[in-house]
1. For residue 77, all conditions in the list (1) surrounded by 13 or more Cβ atoms within 10 Å (Cβ to Cβ); (2) not in a helix (DSSP H, G or I) hold save one; what is the number of the exception?
2. Which members of region 41-71 meet the condition of being surrounded by 18 or more Cβ atoms within 10 Å (Cβ to Cβ), over 19 Å from the mean Cα position of the chain (by Cα) and outside any helix (DSSP H, G or I)?
3. Among the numbered criteria (1) under 16 Å from residue 287 (Cα atoms); (2) touching a residue at least 40 places away in the same chain (Cβ under 8 Å), which single criterion is violated by residue 61?
4. If you take just the helices (runs of 4 or more DSSP H) that sit entirely in region 108-218, which of them hold at least 2 residues that are within 16 Å of the ligand (Cβ to nearest atom)?
5. Just one of the numbered conditions (1) within 16 Å of the ligand (Cβ to nearest atom); (2) over 24 Å from the mean Cα position of the chain (by Cα) is not true of residue 11; which one?
6. Taking residue 174 and the conditions (1) in contact (Cβ under 8 Å) with a residue 60 or more places away in the chain; (2) more than 19 Å from the chain's Cα centre (by Cα), which numbered condition does it fall short on, given that it satisfies the others?
7. Could we say that residue 265 is surrounded by 20 or more Cβ atoms within 10 Å (Cβ to Cβ) and out of contact with any strand residue (DSSP E or B) (no Cβ under 9 Å at 6 or more places or on another chain) here?
8. Among the residues of region 379-400, are any buried (at least 23 other Cβ atoms within 10 Å of the Cβ), in the same structural domain as residue 53 (by TED's automatic domain parsing) and over 25 Å from residue 17 (Cα atoms)?
Ligand SMILES: Cc1ncc(COP(=O)(O)O)c(C=O)c1O
């Protein structure tokens, strides 16, 4: 029996990262989905302009993925992955490392991006300790970085609202690099990499590393493209130089590819797009097309090898870390089917191609509209930045999000930025609908 829709405003469900008070006045509830569209509780069709938070690359309700899940449920529903494991976890890990660049060839599974980040941070500390450098315990993140909601993730993350209530509970030895946006020089980015006049990494080299001493730094973690903050692109050469600086000082480089992984940039990973191989790469979204939670860390073989090089007896665990559902067979079956589908339909290349169509539409439609102060497009995502309403930061974008939803389009507000990041199966008429709906809302607000 369907849930009584008159109760959406009073029910027990406390929504994550949502203004719940406003939601209860105007509930937005999905009851079905197919392809590019949702059906809502009030019987409307809403186009999914954000791949349901960057997860649904192949579009909703894809039969090969659903069939694989059903088959797995009837074969091996679940089995512990501590001290024993399942065949699907091996298969999924091998498919994932086959897609990963360089010598990123071992996978630690978990269930979400937040867990992936915490796993990477813990592995960085454990790895340095195993090689006799346990004093390396400083982490460096970046302002406005989003690395999930675990204590590790909010510590290296740089979104003030996610951090401000948690004070001394965050990790103690963390610093942050400056953000990578230059509104004066690079407000409008159309497919290209922004070129900066000054070097944004001088601060890391000349202030942050000397302050902590580079020999104490365990890892630098960045999103190659800052997704949650509102699709901010790194300056040309930035990630290459970050790699060089980390190499020079024996610091691990972690790319948080929870958003950019599995096709969003038109390549397997952003690491491929930028030609830079990190020491660890975190992933979660798009790996199962959103249908079942799965995340993980792909690490270079040298990390695994170091952790195995221990004098401890062979019955001892080498890395005291893992989640009950790490490598869940049903999630891994979903990943295997999803990755096959992406390949069969050549969806990563399609994401790159349709991203160009999206970017063209953004720049042609939004430039010059009231309150538009920036537009950024690269890969299969684009953002329009709006001037905030005086005294009410975030309200303009939120109001536009609500208005778009009422008019049949799901878009993503991030501060005063609106992002569109459609499933890779998106077609031109979908892009036109999304952009026209958004333009109408921007004009009204
Ligand atoms: C770059 C990045 N890291 C980590 C996370 C956290 O992922 P999850 O919400 O699955 O914990 C996100 C989520 O958006 C993300 O964008």
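1. Here residue 77 meets the rest and fails (1).
2. Listed by number, the residues that qualify are 46, 47, 62.
3. (2)
4. Working: elements: 113-130, 151-156, 160-163, 209-212.
Once the helices (runs of 4 or more DSSP H) in region 108-218 are filtered for at least 2 residues that are within 16 Å of the ligand (Cβ to nearest atom), what remains is 113-130, 151-156, 160-163.
5. (1)
6. Unmet condition: (1).
7. Numbers: surrounded by 20 or more Cβ atoms within 10 Å (Cβ to Cβ): yes; out of contact with any strand residue (DSSP E or B) (no Cβ under 9 Å at 6 or more places or on another chain): yes.
So residue 265 passes the test.
8. yes
The values are calculated or read from the model by the stated rules, or taken from the named source; none is laboratory data. The structure displayed is predicted, hence computed values, not measured ones. All Cβ positions, even for glycine, are placed from backbone atoms using ideal geometry, and neighbour counts span all protein chains on display.
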